[in-house]
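Take a look at the structure set out below.
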Amino acid sequence: MVINGKWVKNKFLHVLYMAGREISGIRNAGRKKDGRKNILLFCQSQTMEEHLLNFAEQLEGRQEYALYLCFGEDYPEGRKHKKADTLFRDTRIPVIGKTWKLYFMRWALVVCPNMDYPFWLKRGTIPVLYIGHGSGGISYDGGETSYDYSSASLDERGRPLFDVMLEPNKETARLMKADPVYGPVIRSAGYRFAYKFRDASSKKAECQRRLGIPEGRKVVSVWGSWNKESLFHVLGPELFEVCRDLKKKGYEFIFSIHGREYQKYDNQIEPLGELVEKQRENGFFVRSPGEDWLPYMLSSDMIVVDYSSMLSLAVLAGKKVILSDFPDGRIWKKSMYYEIKQVFPVISDAGGLEQALEDLEHTDRYESEIARFREQLYVSEADYKKFIQDVVEELTSGQMDRMKNRR
């Protein structure tokens, strides 16, 4: 009989994780009555960093909380990834690099920006908060549900994986609060980065100077997600040729593509991250993953984007938007994204970009729509900070347990 070594290892790990779950369950069976409350920030990948860092910033000065960070398997070094190579480099948040330590510590709260847990949790012992990492428009079932409110966020019995889910869009929150499954766990105040766009128009010239963009140019930033239906795959390499010609007509272009496009993620799809990076050699501006997106967004006169979260940020910045074409089923039919696609110009090939830019530049017909969508997302800095602190208090003080007992 031949025994597969990998199978044995996986079986052994499975047993260890089950034991760890029981140990964690015992350790966290009762609420900690005094002392600092430990909060675990689970960062599965680089794209989650800014969302967790923003969450941590809302708790600054709250001495009753002790924050810890652990990395996920999407990093090349997994749990052992170095904090110095992340947006957390300047924080004092300690990193837990050993899985067994996660099981043996007492946790008041676990915070997740994605649907993955950091370790095998015993349900009902540790509150889990989902903060998300976008604005909830993506769909994987033909537009019937969004990723946030699909089977991905439910356990085997059809219950939400999270005790509280933050919804950045106030209109979506209103809709989901009426849902019998998700309603009790939804909380909303607005999109976490909304306050960064306060007085955005007055900051445009300053940001352009910081980035070295010449004066008097019409600045267009192009933001792509990942996968074959995303902007750079749909518009193809011809996009760069068209933009090269448009530079001669007074335009400047900024390109930015999702971090997943810098490595192989599908045998049938060639990632385009390196191709986008090379556009610096052709005189274009490129925003790389990990760079602050804000100055690039604020520098722009117009935005070309697909279904990525940058669409919400463009709306918050009050920018005129052109969308690359993608199947309607790629986004939830009840989402703001779906509405936006019905309103703003859509191009299916790079050849349509020049006319779309000209049409957009010389019209104000979209201003009322931009204002309407913006209202769905906006929250002030002070209000968002209070919102997060109230949610954390709710989850760590036992209020959630009392609510569950009443249901």
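Computed about the Cα centre, the dipole magnitude for the stretch 34-191 is approximately 740 debye when only Lys and Arg (+1) and Asp and Glu (-1) carry charge, each at its Cβ. Length gained on full extension, residue 333 to residue 368: 10.5 nm, using 0.36 nm per residue less the C-alpha separation.
Plainly put, the stretch 284-407 has a radius of gyration that is 1.10 times its Kirkwood radius, both from alpha-carbon atoms, as the Rg/Rh ratio.
By how many degrees, between 0 and 90 and to the nearest 10, does the Cα long axis of helix 49-58 differ from the longest principal axis of the chain? Between helix and principal axis, roughly 70 degrees. Dipole check for the stretch 354-402: with +1 at the C-beta of Lys and Arg, -1 at the C-beta of Asp and Glu, and the Cα centre as origin, the magnitude is about 400 Debye. Cβ-Cβ distance of residue 198 and residue 15, R₀ of 51 Å, FRET efficiency by 1/(1 + (r/R0)^6): the value works out to about 0.45. When the alpha carbon coordinates of the stretch 118-196 are projected onto the principal axes, the ranges are 37, 30, 23 Å, largest first.
Consider a paramagnetic label point 7 Å from the Cα of residue 269 along Cα→Cβ; state which residues of the stretch 308-327 have an amide N under 20 Å from it. Only 308-312, 323-327 fall inside the zone, counting backbone N under 20 Å. Applying the criteria of a DSSP loop state and at most 12 other Cβ atoms within 10 Å to the trypsin sites (Lys or Arg not before Pro) of the stretch 134-221 yields 157, 198.
In terms of its alpha-carbon gyration tensor, the stretch 42-110 comes out oblate; a/c meets the 1.5 threshold, while b/c is at least as large as a/b. Measuring from a point 7 Å past the Cα of residue 66 along Cα-to-C-beta, which residues in the stretch 383-397 have an amide N at less than 19 Å? In the stretch 383-397, the label zone of residue 66 (backbone N under 19 Å from the point 7 Å along Cα→Cβ) covers 393, 396-397. Fraction of C-alpha pairs exceeding 28 angstrom in the stretch 185-343: 20 percent, rounded to a whole number. Residues considered: 368, 299, 146. Largest GNM mean-square fluctuation over the chain, using C-alpha springs under 10 Å, is found at 368. Note on the stretch 210-291: percent of Cα-Cα distances in each 5 Å bin, starting at 0 and stopping at the bin with the largest distance, equals 3, 14, 27, 24, 16, 10, 4, 2, 0. On the beta carbon distance between residue 288 and residue 80, with R0 = 30 Å, the FRET formula returns roughly 0.80. Could you list, bin by bin from short to long, the percent of Cα-Cα pairs of the stretch 262-327 in 5 Å steps? P(r) for the stretch 262-327, in whole percents per bin: 3, 14, 19, 24, 23, 12, 5, 1. Between the residues 265, 213, 63, the greatest Cα displacement towards the positive end of the dipole of the chain, with unit charges on the Cβ of Lys, Arg, Asp and Glu, is found for 63. A 1.4 Å probe run over the stretch 343-395, with the rest of the protein chains in place, finds 51 Å² accessible per residue. If you run the Gaussian network model on the chain, springs between alpha carbon atoms under 10 Å, then out of 296, 338, 140 the most flexible one is 140. In the chain, the sites counted are GluC sites (Glu not before Pro) in DSSP loop states with at most 14 other Cβ atoms within 10 Å, and the longest stretch holding none of them, exclusive of the sites, is 292-407. Considering only 53, 40, 24, whose Cα is most displaced toward the positive end of the charge dipole of the stretch 23-70, charges sitting on Cβ of Lys, Arg (+1) and Asp, Glu (-1)? Toward the positive end, the furthest listed residue is 24. Here the relative contact order of the chain, from alpha carbon pairs under 8 Å that lie six or more residues apart, stands at 16 percent. Remark: relative contact order (the stretch 67-127) = 31 percent; criterion is Cα-Cα distance under 8 angstrom and separation of 6 or more residues. The radius of gyration of the Cα set in the chain, together with its Dmax, comes out at 22.5, 75 angstrom. With protein chains left intact and a 1.4 Å probe, residues in the stretch 164-227 average 45 Å² of accessible area per residue. Taking the Cα centre of the chain as the origin and placing charges on Cβ (Lys, Arg +1; Asp, Glu -1), which of 104, 300, 276 is farthest toward the positive end of the dipole? So the residue furthest toward the plus end is 104. For residue 390 and residue 91, a Förster radius of 22 Å and the Cβ-Cβ distance give a FRET efficiency of 0.45, rounded to the nearest 0.05. When +1 charges are put on Lys and Arg Cβ atoms and -1 charges on Asp and Glu Cβ atoms, the dipole computed for the chain relative to its Cα centre reaches about 2200 debye. Take the cross-link list 170/203; 228/334; 170/333; 334/386; 218/247; 228/341 and give me the ones stretching past 20 Å between alpha-carbons. Over 20 Å Cα-Cα: 170/203; 228/334; 334/386. Taking only protein heavy atoms and a 1.4 Å probe, the accessible area of the chain is 49% carbon and sulfur.
The values are calculated or read from the model by the stated rules, or taken from the named source; none is laboratory data. Since the structure is predicted, the reported quantities are computational estimates derived from the model, not experimental observations. So basically every Cβ, Gly included, is an ideal-geometry build from the backbone, and we count neighbours across all protein chains shown. Remember, those area values only see protein heavy atoms, side chains included, never the ligands or the DNA or RNA. Shrake-Rupley method; radii C 1.70, N 1.55, O 1.52, S 1.80 Å.
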